[in-house]
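The values are calculated or read from the model by the stated rules, or taken from the named source; none is laboratory data. Predicted model, so just to flag it, every value in this text is computed and none were measured. Positions of Cβ are generated from backbone atoms using ideal geometry, with glycine treated the same way; all protein chains shown enter the neighbour counts.
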Amino acid sequence: MSIQRPPIDISTLLRFERKSIAAALNLLEDRRPARQAQALALLDDLTAFPAPAHIVGMTGPPGVGKSSLISRLIEIAACEDRRLAVVAVDPSSKVSGGALLGDRGRMQVPPHAPVYIRSFAARDRLGGLSREAFAAVFLLRHLCDVVIVETVGVGQSETDVVHIADTVVLVVQPFSGDVLQFIKAGVMEIPDILAVNKADDELLARKAMADVQAALSLERQAWARPVLAVSAATNLHLEDLDAAIRAHHHHLVSHDTLTPKRTEQTLAWATSEVLHEVGRRGLQTLGGPDGVKHFWAQQPAQWSERHRLDALLGSLHWHHTHTE
Ligand SMILES: Nc1nc2c(ncn2[C@@H]2O[C@H](COP(=O)(O)OP(=O)(O)OP(=O)(O)O)[C@@H](O)[C@H]2O)c(=O)[nH]1
Ligand SMILES: [Mg+2]
């Protein structure tokens, strides 16, 4: 069977041409089988190119200022001509297929800056990441220096973003008890950086830091992650936030942990997709997470993650219909 080549010229994507990026992301969201095949072929073609982007997850409760902070980070990146893309997951819309403009309205982009912003509908009411959003990140990481993924996260719904982000920034509000809630939910190991936003002046920032540090002292494990009190409104300590994000990336690269981390994340993502599709018993028939790992390793080297996942889920359905 011959797959029609993707109607998108990769060189235009690599040049960061907006029209072309938009067309590529539309293709990823198109459910028609012929278009899906083209989308997989496009992602496969891209795997031959380096994926230099640092993938940053920005997560936190609704309204803490994630989008506002991203706007500021965009400005900082634009000054240095860094290419940046934002994948924003909109939890208010569960219906897939439509890009939403809400976040774009809140994020200001300097004219001519190499920035691309796209919203995706959430997978569930908790703001989970859809397969399309994952595919978008898989694509964008070949084209950018930084890909920021904004997700609303409360407690357990955090987990999707850790399957895709190299660095997770948890954004909270001062004096909100957010950190305590995260500790209680057992998800405080997720963030690499903690940003307490809306700390609009130095006095507030000091108090906010003390408040969060007090909550963190309840944690048993050693705490080496940076905690920053910032303000998207008054531009307080935003360069520090940008520096902390880049320092974490540097840490991963210099310790040779970025590549193994991504491999582990991809397998965790595939395993969660299997769970989503066929449940715990289905995963067991496959041999559990080790079975996923084994299947993954056997796929053709030039196949993208998205393609491997399709093959994996396809094999499950085959298994189902032939064993029930
Ligand atoms: N005072 C103050 N207000 C802020 C700051 N950052 C954001 N806000 C305000 O907080 C509100 C929410 O900001 P957003 O950036 O939309 O927050 P968000 O976390 O992206 O919100 P959702 O995507 O809806 O979860 C807006 O009214 C912002 O103007 C800040 O540093 N200080
Ligand atoms: Mg937002």
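Please verify whether A85 is more than 16 Å from ligand 1 (Cβ to nearest atom) and in a strand (DSSP E or B), treating the condition exactly as stated. Yes; evaluated as a whole, the condition is true for this residue.
Can you spot a residue in the range 59-66 that is buried (at least 22 other Cβ atoms within 10 Å of the Cβ), assigned to a helix (DSSP H, G or I), within 16 Å of ligand 1 (Cβ to nearest atom) and in the same structural domain as T167 (by TED's automatic domain parsing)? Checking the range 59-66: at least one residue is buried (at least 22 other Cβ atoms within 10 Å of the Cβ), assigned to a helix (DSSP H, G or I), within 16 Å of ligand 1 (Cβ to nearest atom) and in the same structural domain as T167 (by TED's automatic domain parsing).
Looking across A205, A214, one residue alone is in a helix (DSSP H, G or I), assigned by TED's automatic domain parsing to the domain that holds P61, surrounded by fewer than 13 Cβ atoms within 10 Å (Cβ to Cβ) and not polar (S, T, N, Q). It is A214. Taken over the range 257-283, residues that are touching a residue at least 60 places away in the same chain (Cβ under 8 Å) and over 17 Å from R308 (Cβ atoms) amount to 2.
Filter the range 1-23 down to the residues that are among the small types (G, A, S) and in contact with a helix residue (DSSP H, G or I) (Cβ under 6 Å, 6 or more places away or on another chain) and list them by number.
S20, the sole residue that qualifies.
Checking each residue in the range 173-192 for being surrounded by 21 or more Cβ atoms within 10 Å (Cβ to Cβ) and either within 20 Å of the chain's Cα centre (by Cα) or closer than 19 Å to V149 by Cβ (or both) picks out F182, M188, P191, D192.
Of all residues in the range 212-247, those that are at pLDDT below 95 and in contact with a Ser or Thr (Cβ under 9 Å, 6 or more places away or on another chain) total 1.
When the criteria are applied in full, A224 fails the requirement of being without any contact (Cβ under 8 Å) to a residue 12 or more places away in the chain, away from ligand 2 (no atom under 16 Å from the Cβ) and farther than 23 Å from P260 by Cα.
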